[in-house]
């Protein structure tokens with residue numbers, strides 16, 4: 001086959017360092033989400049949606065044929081961390097956590113996940129990020145080590 005075709009959806013989840021509520025301001029949080037989507041686009045990994053709350057983000061993205069997951073996430077975190085600090089001097093201590101979760105998603109489940117990400121504000125009135133992340137990992141059969149997952 002002379003043409004390379006890729007259709008890989010990935011659900012990316014990561015928090016702020018120590019789950020600090022750096023993104024409390026809803027307007028600024030929306031700007032951060034838009035910036036994250038822009039980074040994905042530049043990496044040829046268009047985001048279908050970026051959402052989250054004050055202490056973490058969810059990204060539903062299509063993975064480009066030249067990009068691996070760890071490189072995409074490294075670029076997202078590096079670029080956006082610097083941008084956040086430039087935009088808001090009071091966030092000079094802003095960092096993302098070291099780790100992340102990345103889970104493959106069937107294209108047929110993308111709409112449902114998009115709805116879930118859109119409802120993050122409502123969802124987190126009843127479930128913490130840690131509870132959510134444990135549940136997502138269990139859903140995908142990913143074992144986590146509590147000693148290292150919460151930096």
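Please treat every number below as a calculation from the coordinates, not as lab data. Small disclaimer: the values here were computed from a predicted structure and weren't measured.
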Point to revise | For the chain, alpha-carbon Rg and Dmax in angstrom | key: 15.2, 53
Exercise for review: Please report, in Å, the Rg and the Dmax of the stretch 69-138, where both are computed over Cα atoms only.
Suggested key: 14.8, 42
